[in-house]
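Everything on this sheet refers to the single structure shown next.
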Ligand code: TYD
Ligand code: MG
């Protein structure tokens, strides 16, 4: 039976399809599907018997290998307490966000902590990396440098050196000579990552892969290798803001959703130990359209300011512009306000923004979002010493969220004295905050802004 020899793969998420289409059904991205030659001719009939693989039960004698801490606390926490030996980590992010800077600083820190570290750059010449190291004040760090893209040569070198950690910057520049495809194509990226991850596991070397998030379809994005690695970190930030957030989206060795906050300075990335203070630092006193959300990022409470602007629209379809929040979430909240509280936004533009460049994805932010929008619409300021949190359901009810006590404690620590939280929130111990609990959005609107 004749089989088709080509397959169609999405460069954004790596899903394979039997035919080309304009939109990937797996991830919804447009124009990302490309035709690809298959990796091999497919499984041939097994000619001879394989060997039986050794099996063992779950209770092992081996103690968990000790993690190596870099000393960069923001990084160590995101990794789940330090680098696990023989682990494979992917660090994704937009080009120019600071991945190379972060990883050069990290390799230097791990070298200082006693690991043999290798930094392989496929994008920059060794001299360029050295110049960056000079700028970062890391010239005498004991990092070994290589500028190479041939994976065969890299693996041979790694086998000879046997480092504790190797950084591959970036996976999209690596190529295997056994595969007939351009570097950066889905098959090259996948195969290169597979080789490196297998090497990591077999030889006990930790591997960090850098992957650029790509907007157009020709180069495979980091999502293509997400499933192969133990830990997936994304380095995010808004251009124009100096804050950078390292977020764990998958971690086999620690909690996901953990974040580390950095600031990009002239001398590289510096840690931000207290992000709440930073995200609130340039907050003006009691302005309409501003609400402080007591959120949780990973294991850490983080306070952020949500800003809204509501203005008469000149357009037929009013604008809904969001930065740092999901646009769908805003639409839902506006619809609930309209349907359950009778507050209409027809003919009004709504702009919503998370101050400082943080991205908020917790449903607990709903109430603060609604608060900021209503405050902007009614031109009534929310008291500057108040934080808000709670999930809004489609019925307009406020749903309690997790870690209420941690949220309140952090707010209290930063000088806030009152909070609005959903009914039935588990407040627990004394937090020093005056907490008003409300059952639904209607009660909230009535209390804060009068009957409407
Ligand atoms: P880089 O690490 O090269 O980004 P990536 O590897 O993710 O593409 O960082 C590039 C940006 O960082 C560049 O615009 C300059 C800026 N930068 C600083 O602001 N300070 C520094 O000390 C360094 C090294 C870079
Ligand atoms: Mg780079």
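Quick check, is residue 225 in contact with a helix residue (DSSP H, G or I) (Cβ under 6 Å, 6 or more places away or on another chain), in a strand (DSSP E or B) and either at pLDDT 90 or above or at positive phi (or both)? Steps first, answer last, please.
Working: in contact with a helix residue (DSSP H, G or I) (Cβ under 6 Å, 6 or more places away or on another chain): yes; in a strand (DSSP E or B): no; either at pLDDT 90 or above or at positive phi (or both): yes.
No.
Looking only at the range 94-120, filter to residues that are within 16 Å of ligand 2 (Cβ to nearest atom) and on the phi > 0 side of the Ramachandran plot; which one of those is modelled with the lowest pLDDT?
Step by step, filter the range 94-120, then rank; the result is 96.
Scanning for something part of a loop (DSSP other than H, G, I, E, B), within 16 Å of ligand 2 (Cβ to nearest atom) and out of contact with any helix residue (DSSP H, G or I) (no Cβ under 6 Å at 6 or more places or on another chain), does the range 234-249 turn up at least one residue?
Yes, the conditions are met somewhere in the range 234-249.
So, in the range 429-452, how many residues would count as being surrounded by 15 or more Cβ atoms within 10 Å (Cβ to Cβ) and closer than 13 Å to residue 382 by Cα?
4
In the list 27, 13, which residue meets the criterion of being at pLDDT 70 or above, touching a helix residue (DSSP H, G or I) at 6+ places or on another chain (Cβ under 9 Å) and farther than 25 Å from residue 178 by Cβ?
None of the others qualify; the one that does is 27.
For the range 140-147, check the following and say yes or no: at least one residue is within 16 Å of ligand 2 (Cβ to nearest atom) and buried (at least 21 other Cβ atoms within 10 Å of the Cβ).
Filtering the range 140-147 for residues within 16 Å of ligand 2 (Cβ to nearest atom) gives 143, 145-147.
If we keep only those that are buried (at least 21 other Cβ atoms within 10 Å of the Cβ) too, we end up with 143.
Yes: the range 140-147 contains one or more residues that are within 16 Å of ligand 2 (Cβ to nearest atom) and buried (at least 21 other Cβ atoms within 10 Å of the Cβ).
Please verify whether the range 54-75 includes one or more residues that are more than 14 Å from ligand 1 (Cβ to nearest atom), more than 27 Å from residue 243 (Cβ to Cβ) and not in a loop (DSSP other than H, G, I, E, B).
No, that holds for no residue.
Looking at the range 184-215 only, could you name the residues that are part of a loop (DSSP other than H, G, I, E, B) and either closer than 23 Å to residue 101 by Cα or under 25 Å from the mean Cα position of the chain (by Cα) (or both)?
184, 185, 205, 213, 214, 215
Considering only residues that are away from ligand 1 (no atom under 13 Å from the Cβ), part of a loop (DSSP other than H, G, I, E, B) and either touching a helix residue (DSSP H, G or I) at 6+ places or on another chain (Cβ under 8 Å) or within 22 Å of residue 203 (Cα to Cα) (or both), which ones fall in the range 82-130?
82, 84, 85, 86, 87, 113, 114, 115, 116
Give me the pairs: first residue in the range 95-121 and over 13 Å from residue 145 (Cβ atoms), second residue part of a loop (DSSP other than H, G, I, E, B) and within 8 Å of ligand 1 (Cβ to nearest atom), beta-carbon distance under 8 Å, and six or more apart or on different chains, which are they?
That search, which allows pairs on different chains as well, returns 99/170; 101/136; 105/136.
Within the group 160, 181, which residue is modelled with pLDDT under 90, more than 16 Å from ligand 1 (Cβ to nearest atom) and over 25 Å from the mean Cα position of the chain (by Cα)?
181
In the list 269, 278, which residue meets the criterion of being in a strand (DSSP E or B), touching a strand residue (DSSP E or B) at 6+ places or on another chain (Cβ under 8 Å) and in contact (Cβ under 8 Å) with a residue 12 or more places away in the chain?
269
Go through (1) surrounded by fewer than 22 Cβ atoms within 10 Å (Cβ to Cβ); (2) touching a strand residue (DSSP E or B) at 6+ places or on another chain (Cβ under 9 Å); (3) at pLDDT 85 or above for residue 233 and report which single condition fails.
(1)
I'm trying to understand the selection: among the residues of the range 188-222, which are more than 16 Å from ligand 1 (Cβ to nearest atom), buried (at least 20 other Cβ atoms within 10 Å of the Cβ) and modelled with pLDDT under 90?
Residue satisfying the conditions is 220 alone.
The values are calculated or read from the model by the stated rules, or taken from the named source; none is laboratory data. If you're wondering where the values come from, they're calculated on a predicted model, not measured in any experiment. Note that we place each Cβ from the backbone using ideal geometry, even for glycine, and neighbour counts take in every protein chain shown.
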